[in-house]
Structure formats: structure tokens, C-alpha cells
Amino acid sequence: MKTKEKIIKESLNLFNENTFELSTTNLIAKKSDVLEGSLWYHFNTKPDIVSVHLGMFIDLYDEHKNLTTKNNPTIFIQGLFAIYGIIWDYRYLFRDSFEKIIDKKPSLSEKIIDINSSIDQWVKEFVMHAQKIGILIIDESDVESITEISLIIGRCWFDFSKKRYPDKSNMFLKKKGINLLIKSFYPYLTKESKSLIDSMYDSN
């Protein structure tokens, strides 16, 4: 793996685990098994690494979000699982405050705010589409509340998961987050949808 690729990969792991703020360039270099000077050769600032991560996330998100507009329940649910996995893999972008970036890199700060808003809107759209294609049985008046519950569970879990289960693996925490979201929707799922999700997803 090339030096720049190692830095991108290890910094993503560190930002997710330790937060952007607490992950120093020295630690990133050490985890990447490179000299700190090599890091500065490829990236002028730590926010420049965030910019690369953000671009990678947007590419993956754009590639998969179309699945959640399909009328086929199986494809739709596969799309939900895929996008949750992508968001989890870049969760620091939706969890951390980036207060220092706001002043130094206002354009990057705006992009982070925009993608957070985009995800919020996407959650509402997938709830509405799930209702439309018969996966969820909900009243129109409940769409906003269910959307907000999903966002609260998803976003809070990014921060709470490591505090609640400090010794558990990343995969355990990721699956636990999916399980919590599924449980929040379970009362509104049709019988057929419950069976479909149970057949597609192993909650153990």
C-alpha cells in the first residue's frame, strides 16, 4: 500500500475511534508506519485529510443511495444496510464538532454541514418511500417523528457505543447500531417486511 493510501486509511480509523480532535498528526504517522514528515508531504493540514475522507464518503453514498429509491423491497432494504455501513465507516464526519475547522477551513466546514443535512433529508425520504412501497405502516403525521427517532438513535450511537462497550470490536458496535435501528422500526413493519429483514440480516 502506498504511503498516502496508508495515511488515509489509518487516519480514518483513528478519527472514528478517537475523534478528529484527539488524533494528532504524530499518532497518525505512527499508526501509518511513516515519518511525520511524510504525512506533511502529502497533506498540508489535518483538515486536508478530512477533505479526502469526505470525498470518499460522498462517492460511496452517491453510488448506493439510488437503491433506496427502488420499489423492490429486497433491493430497498439492501440499500439501507449498505448506506448505514458506509455512514458507520465514516461516522466521525457525523459525530465530531470540527470547531477548529470552522475558522481555518470554512469551505470544508460548509461541505460537512451540507452532507449532514443531506443525510438527514435522506432518512426522511427513505421513511416516506418505505411507507409508499408497503414496508412500513405509518400515518403521514408520524413520518417526521419516526425520522427524528431514527436520526437520534443513529447519531447518538456513534458516540455512545464506544463508551457503553469499550472493549467490543468495531463489527460488534456496527451490528448493534443496525439492530437498534431495526428495533425502532419493528412496530411499524408489515409481517412480510419483518420476515424479509430477518431473512436478509443476521442480528447475532
Exercise for the section: Tell me, yes or no, whether the stretch 174-196 has at least one residue that is outside any helix (DSSP H, G or I), more than 18 Å from the chain's Cα centre (by Cα) and surrounded by fewer than 17 Cβ atoms within 10 Å (Cβ to Cβ). Expected result: yes
Exercise for the section: Return a yes/no flag: does the stretch 100-108 have any residue that is touching an Asp or Glu at 6+ places or on another chain (Cβ under 8 Å) and surrounded by 15 or more Cβ atoms within 10 Å (Cβ to Cβ). Expected result: no
Practice task
Filter the stretch 19-54 down to residues that are crowded, with 16+ Cβ neighbours inside 10 Å and out of contact with any Phe, Trp or Tyr (no Cβ under 7 Å at 6 or more places or on another chain), then give me how many there are.
Solution key: 15
Exercise for the section: Can you confirm whether the stretch 143-165 contains a residue that is of a type outside the set (G, A, S) and part of a loop (DSSP other than H, G, I, E, B)? Expected result: yes
Handout entry: Cβ-Cβ under 6 Å pairs, at least 6 apart or on other chains, the stretch 132-161 side in the same structural domain as N72 (by TED's automatic domain parsing), far side charged (D, E, K, R) and in a helix (DSSP H, G or I)
Key = T147/K124; F158/R95; D159/R95
Problem - Residue in the stretch 67-95 that is nearest to the chain's Cα centre (by Cα), counting only those that are closer than 14 Å to S118 by Cβ and in a helix (DSSP H, G or I) - result: I87
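The values are calculated or read from the model by the stated rules, or taken from the named source; none is laboratory data. What you see is a predicted model, and the numbers here were worked out from it, not measured in a lab. Virtual Cβ from ideal backbone geometry, glycine too; neighbours counted across all protein chains shown.
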